[in-house]
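Asks: Before anything else, here's the structure in question.
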Amino acid sequence: MDLKKLRSFIRVAEQSSFSQAAQTLDQSQSMVSRQVRQLELELGKTLLKRNGRGVTLTAEGRQLLEHGKGILRQVEIAEQALSTGDGIYQGKVTVGMPPTLGKLLTVGLVTDFLAEFPDCSLAITENLTYWLQKRLILGELDIAILYNPSPERSLKYQHLWTEKLCLIAPSHSPVASNKNIPLRELSTYPLIIPNRQQMLRNLVEIECARHDVSLNVVLEIDTVPSMLGLVSRGFGYAVLPANSLEVDYRPEGLTAVPITPPILNRVILATSNQHHFSSLAQRTMELLVQQRIISQRLS
């Protein structure tokens, strides 16, 4: 597969436009269009649907986009390794983490990284565990912090700490004054939780099923800021780690009430067993573990 053609396809797919992709790649639109068409002919698949408003991905195009990003990332890593040799810090490292931890870790990690590697690049992505784990498998991420990830043989896991989930409630609600809430009582609260693809949802449902507790899910929301905002406006309650209230975007007037028996959420540091792990990525992982929020829990 020609990497130039693959790169052109990825830019068109990401921007949904041949003209915008051509500007990004500093090529003519006709050249980009020709490269993508040649790639489709080589693969024997239609990757893009062209229309008057731009382009959309076919099912085959979505598959290639997912894998293609990982391919280009691994080529970039290989080029860096060949040009610098092992043990030389150069190039780029990509890190993913959940939004609740990203708000607590990003500034410190960026500060330490740039102080030590002013000529290197750091990319940080915040998303939920399901998405981060998938990008790690594809090779688009070098390092990720995951919440209670599913087993995956292609990934290496390091346990960081275990935290208890809490019922996030408006501070004026009766339950907010409780020292804890029995797990069996979760069924009495309208819950705002992520969809079933997310590991946190799976964890909560599995633990509740073990205790024969049925959940009353009124809203499925995948982003923590939106969940907290809806709780603060009285649309329901959330089940999240207590540190979700330690971030600067949280609304006022929320309280975290521990659940008993506890629902335990494992926080995992993950890397790939299948893709090259550079010396820069190794040192970045060390800097990440040294961040105060992590080092305090490990000590």
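Conditions tested, residue by residue: (1) free of Cβ contacts under 8 Å to residues at least 24 places away in the same chain; (2) touching a Ser or Thr at 6+ places or on another chain (Cβ under 9 Å); (3) under 20 Å from PHE277 (Cα atoms).
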position	(1), (2), (3)
ILE124	no, yes, yes
CYS166	no, yes, no
GLU185	yes, no, no
GLN198	no, yes, no
ARG210	yes, no, no
SER226	yes, no, no
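Asks: Of these, ARG62, ARG73, which one is under 26 Å from the mean Cα position of the chain (by Cα) and in contact (Cβ under 8 Å) with a residue 24 or more places away in the chain?
Replies: None of the other options fit; the residue is ARG73.
Asks: Does at least one position in region 202-216 carry a residue that is more than 10 Å from LEU191 (Cβ to Cβ), in a helix (DSSP H, G or I) and of a type in the set (Asp, Glu)?
Replies: The answer is yes; a qualifying residue exists.
Asks: Looking at region 250-284 only, could you name the residues that are more than 21 Å from GLU79 (Cα to Cα) and under 18 Å from the mean Cα position of the chain (by Cα)?
Replies: ASN265, ARG266, VAL267, ILE268, LEU269, ALA270
Asks: Are any of the residues in region 228-241 in contact with a Ser or Thr (Cβ under 9 Å, 6 or more places away or on another chain), assigned by TED's automatic domain parsing to the domain that holds ARG135 and either modelled with pLDDT of 95 or more or crowded, with 16+ Cβ neighbours inside 10 Å (or both)?
Replies: no
Asks: For region 99-197, which strands (runs of 3 or more DSSP E) that fit wholly inside it have 2 or more residues that are at pLDDT 90 or above and under 17 Å from the mean Cα position of the chain (by Cα)?
Replies: So the answer is 121-126, 143-147, 155-170.
Asks: While we're looking at this one, here's another question. Which condition breaks for THR46 when tested against (1) among the β-branched types (Val, Ile, Thr); (2) out of contact with any Leu (no Cβ under 8 Å at 6 or more places or on another chain); (3) assigned to a helix (DSSP H, G or I)?
Replies: The single condition THR46 does not satisfy is (3).
Asks: Turning to a different aspect of this structure: Applying the selection to region 19-48, what residues are under 28 Å from the mean Cα position of the chain (by Cα) and closer than 21 Å to MET1 by Cα?
Replies: Residues satisfying the conditions are ALA21, LEU25, LEU47, LEU48.
Asks: I would also like to ask the following. In region 20-45, which residues are modelled with pLDDT of 85 or more, surrounded by 14 or more Cβ atoms within 10 Å (Cβ to Cβ) and of a type in the set (Ser, Thr, Tyr)?
Replies: Answer for region 20-45, where residues must be modelled with pLDDT of 85 or more, surrounded by 14 or more Cβ atoms within 10 Å (Cβ to Cβ) and of a type in the set (Ser, Thr, Tyr): just SER33.
The values are calculated or read from the model by the stated rules, or taken from the named source; none is laboratory data. It should be emphasised that the depicted structure is a prediction, and the values quoted were computed from it without experimental measurement. Please note: Cβ atoms are built from the backbone with ideal geometry, for glycine as well, and neighbour counts cover all protein chains shown.
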